Amino acid sequence: MSAAKWRKAMNPGALAAQGAGAPILARLDRRFAGAAASPATVARESSPTLDSAALLRHGLLLAALIVFPFVATPFITFQIGGQCLTLGLIALSLTFLAGYGGMISLAQMTVAGIAGYTVAILGVSGTAEISLNWPSWLVVPCALLIATVCATLIGWLSVRTEGIYTIMITLAIGVAFYYLVLQNYSVFNGFQGLQKVYPPEVFGINWRDPLPFYFLALTCAAAGYAWVRYLVRTPFGIALQGIRDNPRRMHALGFNVVAHRVAAYAAAGFIAAVGGVLFVWYNALITPGSVGTSWLINLLIIAVLGGLRHPVGPFLGALVFVLLQTFAIDLIDRERFNLVIGGVFLAIVLFSPDGLLGLWAKLRARMTTRAAGVGRSTISTQRP
């Protein structure tokens, strides 16, 4: 669908409110730089392309991620690399909703769990009396479709509320799904869950081996990251950010606030569904503990640690979380791991509400200011 058709579908009445010849996106200049912003600024901000410096940074990062598994051990490649990319992809869905839509959903792990349970139930698992043994080429699309539809329904229920009420509704949905899979044995096998859920062998490759799984997760994570980067710069993404900042003003301009928010939940749900399929293949099982309250909160912690307004933030947050989860038990008891995570989370929130990337931006700005000050003082001392 073209941008013009999308704006026409999502913004009925906007053209009539502003005049047929007035471009809608030019009216959103205050979203970027206040009333003084020019149409050129809006066009530049809304462009889905990246500048040369950003492309260079992304290219270097991608090259490093490609080389990483060839210099790391299989344990690090699978346990750290694969898990970080998988959890980061699920957390990316929350970052998209919270950072660009202003909607904090605690049900994203639930959406991922729905996709995981669908793969285990429709596909092959160790519980033969429950799994239907459908072919993998049919199971994965069905899992993504079912999870995306469920995410859309969750969005439809929650977008009419704001703030703490949205959090409570999505938390209630997540807890309800947890008790559903915990107490249902005929479909979900209760507290034992479904074991031995392995990815299918395609081209004769075992995709759960460290190297293949890492590159599978890297491909999905890169695609999800690129999609979010593109989506937030499209007319839909710009309108969504305007709704985040001032939904009443956007509604007055003729934008369908509810439709945009529900569409955002659907897009985020698809990302979480892909991560959920990878997560069940990573663990080779799916249990109620995978969608329990602890994981609902852990996903929020991962997103906040990295930074809610940066698409790369959830992957950075996942890296910190997985490193602490993997190696902190060598220093403390496993039962006190949540205390360590809570302490790190509290420190990040206190010193940088925008996460680790926000902290890095502050340090870089301070270093730039200090360097500029030193340069000015040097010039002044050299004057006669």
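The values are calculated or read from the model by the stated rules, or taken from the named source; none is laboratory data. Bear in mind the structure is a predicted one, so any value in this text is a computation, not a measurement. FYI the Cβ positions are ideal-geometry reconstructions off the backbone, even for glycines, and counts take in every protein chain you see.
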Considering only residues that are in contact (Cβ under 8 Å) with a residue 12 or more places away in the chain and either surrounded by fewer than 19 Cβ atoms within 10 Å (Cβ to Cβ) or among the aliphatic types (A, V, I, L, M) (or both), which ones fall in segment 163-178? ILE167, ILE169, LEU171, ILE173, VAL175
Look through segment 313-341, keep the residues that are surrounded by fewer than 21 Cβ atoms within 10 Å (Cβ to Cβ) and of a type in the set (Phe, Trp, Tyr), and return whichever of them is modelled with the highest pLDDT. PHE327
Considering only segment 95-149, state which residues are assigned to a loop (DSSP other than H, G, I, E, B), among the hydroxyl-bearing types (Ser, Thr, Tyr) and surrounded by fewer than 24 Cβ atoms within 10 Å (Cβ to Cβ). THR127, SER131
Residue check: is SER93 closer than 30 Å to ARG248 by Cα and of a type in the set (Gly, Ala, Ser)? yes
For segment 151-162, what are the residues that are in a helix (DSSP H, G or I) and touching a residue at least 24 places away in the same chain (Cβ under 8 Å)? ALA151, THR152, ILE154, GLY155, TRP156, SER158
